[in-house]
Amino acid sequence: PFPIGDRMFAQTFTLWPDLYREQPGTLVIDCAGVACTDTQVRTAASLNPGRPLWLTGPLEVNVAGDIGSAAEPLVLVVPGNLTFNVAATIHGAVYGGRSAAAPGLPWTLTGPGTVSGAVVAEHSLSGVGDPSIRFSREVLNHLRLQTGTFVMVPGSWKDF
């Protein structure tokens, strides 16, 4: 009964997409119908360390340099395409292609940028302009241990 994209998201993050987006720890960056910028992402990440970032549109990277770091990687959900207009590196996990407007369309990674960590495409992924994806176990382990949803473990509390 659930769409394939929702099931893939839930398998990746262990929460349904709406629950993940609406949890208090997730920061939604509303780009008002235009592409989000690397400046918005960098600012949000510096003001909210360790929180997943959910963008409402595509991401355009226009300033060279690192977005996140190996010590402070990011979790980004990018529903639209990811375009690198300059050589830049995103450290973290990027989940892409989650578009309600155009579900099932290929997700495109464009330009000379690099993602160091992992990239998960909800459907298919195409690369244009020599983008680079470098798997980093260190970055993913950091994300696994430092970010996530907090839940009460059954039996660990009492209601009086």
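The values are calculated or read from the model by the stated rules, or taken from the named source; none is laboratory data. These numbers come from a predicted model, not from an experiment. For neighbour counting, all protein chains shown are included, and Cβ atoms are generated from backbone atoms with ideal geometry for every residue, glycine included. Note: areas computed on protein heavy atoms with side chains; ligands, DNA, RNA excluded. Shrake-Rupley method; radii C 1.70, N 1.55, O 1.52, S 1.80 Å.
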What percent do you get for the relative contact order of the chain when only Cα pairs under 8 Å and 6+ apart count? 16
If 91, 142 are ordered by their accessible area, calculated over protein heavy atoms with a 1.4 Å probe, which sequence runs from highest to lowest? 142, 91
Pop a pseudo-label 7 angstrom from the Cα along the beta-carbon direction at both residue 70 and residue 126 and give the gap in nm to one decimal. 3.4
Report the residue, chosen from 145, 76, 27, that carries the largest GNM mean-square fluctuation when the chain is represented by alpha-carbon nodes joined by springs under 10 Å. 145
Could you give the nm distance between label points at residue 105 and residue 63, where each point is 7 Å from its Cα heading toward the beta carbon? 2.8
Provide the gained length on full extension for the span residue 37 to residue 140, in nm with one decimal, where the gain is 0.36 nm per separating residue minus the Cα-Cα distance. 34.7 nm
For the chain: accessible area per residue (Å², 1.4 Å): 55
Lys and Arg at +1, Asp and Glu at -1: neighbours of residue 9 with Cβ under 9 Å from its Cβ sum to 0
Using a 1.4 angstrom probe on heavy atoms only, work out the carbon and sulfur share of the accessible area of segment 1-143 in %. 58
What order, most packed first, do the peptides 46-59, 118-131 have when packing is the mean number of other Cβ atoms within 10 Å of each residue? 46-59, 118-131
